[in-house]
Amino acid sequence: MGIRGLTKLLADNAARCRSDQELKSFFGRRIAIDASMNIYQFLVAVRQGSDNLTNEAGEITSHLSGLFYRTIKLMEVGVKPCYVFDGKPPKMKSGELQKRIDAKKLAQQEAKKAEETGDVEAFEKYSRRINKVTPEVIQQCKTLLKLMGVPVIEAPCEAEAQCASMCKGGLVYATASEDMDSLTFGTTRLVRRLWSGATATNEKKGIRPMEFNLPIALEELQMDHSTFIDLCMLCGCDYMDSIKGVGPTTALNLMRKHGSIESVFKALRKEGKHVVPEVDLSEIRQLFVKPEVLSNSEINLQWTSPDEAGLIDFLVKQNSFREDTIRSGIKRMLSSRNAASQARLDTFFKKKPTAAKRKVDEDDTVSSKKGKLSHAM
């Protein structure tokens with residue numbers, strides 16, 4: 001689910017934090033990709049009619065096709081992708097996970113009804129909601145990425161939290177995910193619709209990746225990250241439902257008025273117009289402030305040459321892909337390594353400090369000199 005209504009809230013109150021980008025603008029950038037989210041998109045998007053792509057054994061291969069070709073496209077424009085996979089979910093997320101399970105069961109029932117009545121449009125609609133990322137699918141994707149020479153990181157818990165930690169520590173430029181709670185976890189940059197621009201159709205429609213800048217968002221909202229976390233919790237997140245009658249705009253106004261979610265809850269209970277949940281706000285907040293993640297020193301990001309023989313065996317022999325198309329993809333990967341090895345032009349130049357930054361530096365220099373003179377005397 002992410003954070004309910006956060007995209008529109010930022011559009012209305014912190015518009016400067018979002019910018020539409022060309023895919024090629026991420027040339028030379030390391031980007032941590034929320035793997036499960038993107039694999040699910042591949043299962044839904046890469047289809048033939050209402051059926052997923054399958055191999056000779058009837059096993060679904062849509063995720064492999066999407067992951068293989070879209071990753072190659074990223075590499076061709078000079079992006080250095082690394083994929084982060086979820087570990088165990090936090091206990092407090094169990095309620096949200098159950099909702100998703102129930103929604104899939106309902107979709108299965110509706111798809112069956114549509115098939116029986118011959119309603120093709122409804123069948124297609126509900127069939128898309130049935131796809132799920134199984135442990136087998138995850139393992140296949142990890143195998144494929146390793147054969148492609150792309151880094152795979154297995155997070156101890158939430159992938160979004162791991163991506164955010166990598167971004168905050170400077171290991172990667174941005175997090176790529178559709179979940180806005182990546183910002184709540186503290187990623188300094190979030191890229192949504194990363195695959196937009198990777199297809200000719202999206203390019204023609206003018207659909208581009210969206211980049212969100214957290215420091216600018218906090219500046220526009222005039223709040224620190226701790227207060228922003230409280231705002232996101234109040235909007236509704238994976239660990240806590242939103243309060244009926246309190247939408248994102250109301251949540252923002254309440255946070256500005258009361259300063260913390262505890263104070264907001266106290267005011268709402270006193271008012272008596274809303275059903276305020278009995279939850280441990282401190283525990284939920286800590287899931288965002290100190291999530292379970294690997295330290296950057298434990299992560300080794302290395303992009304290597306693709307294993308051609310391994311890819312042919314895995315994709316062609318085991319999963320029924322056409323050998324000529326896979327060999328063509330491998331050639332594209334090898335060619336892209338030259339592009340990826342080139343440094344971004346802006347790394348050769350240092351940005352000139354702003355007037356304010358120069359003033360601070362000058363003051364620090366003067367202060368330092370005064371300190372040395374005083375110590376000498």
Applied in sequence order to region 61-74, the curve 6.51 cos²θ - 1.76 cosθ + 1.60 (Karplus, θ = phi - 60°) yields integer Hz couplings, x standing for Gly and Pro, of 10, 4, 5, 5, 5, x, 5, 5, 6, 6, 5, 4, 4, 4
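What ranking of GLU59, GLU323 emerges when the number of other C-beta atoms within 10 Å of each C-beta is taken as an exposure proxy, fewest first?
Placing the least packed residue first, the sequence is GLU323, GLU59.
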So, in nm, how far is label SER25 from label ALA11 when the simple model puts each one 7 Å beyond its Cα toward the Cβ? 1.7 nm
What are the GluC sites (Glu not before Pro) within region 291-320 that DSSP puts in a loop, where the Cβ has at most 16 other Cβ atoms within 10 Å? GLU292
Can you work out ³J(HN,Hα) from phi for every residue in region 279-284, in order, using Karplus 6.51 cos²θ - 1.76 cosθ + 1.60 and θ = phi - 60°, giving whole Hz and x for Gly and Pro? 10, 8, 4, 5, 5, 5
Each residue of region 153-158 in turn: what ³J(HN,Hα) in whole Hz from Karplus with 6.51, -1.76, 1.60 and θ = phi - 60°, glycine and Pro shown as x? 10, 9, 6, x, 9, 6
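How would you rank MET75, MET240, MET210, going from fewest to most other Cβ atoms within 10 Å of each one's own Cβ?
Lowest to highest Cβ neighbour count: MET210, MET240, MET75.
How high is the FRET efficiency from ASN300 to VAL275, r the C-beta distance, R0 56 Å, rounded to 0.05?
So the FRET efficiency works out to roughly 0.70.
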Roughly what would the spin-label model give for ASP307 and GLU283, points 7 Å off Cα along C-beta, in nm? 4.3 nm
Based on other C-beta atoms within 10 Å, arrange SER297, SER263 from fewest to most. SER297, SER263
Return P(r) of region 223-290 (all Cα-Cα pairs; 10 Å bins starting at 0; whole %; ordered from short to long distances). 21, 62, 17, 0
Which entries in LYS8/LYS205; LYS88/LYS331; LYS24/LYS88; LYS24/LYS317; LYS8/LYS168; LYS73/LYS290 show an alpha-carbon gap greater than 29 Å? LYS88/LYS331; LYS24/LYS88; LYS24/LYS317; LYS73/LYS290
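The numbers here are math on the coordinates, done by the rules we state, and not lab data. These figures come from a predicted structure and were not determined experimentally. So basically every Cβ, Gly included, is an ideal-geometry build from the backbone, and we count neighbours across all protein chains shown.
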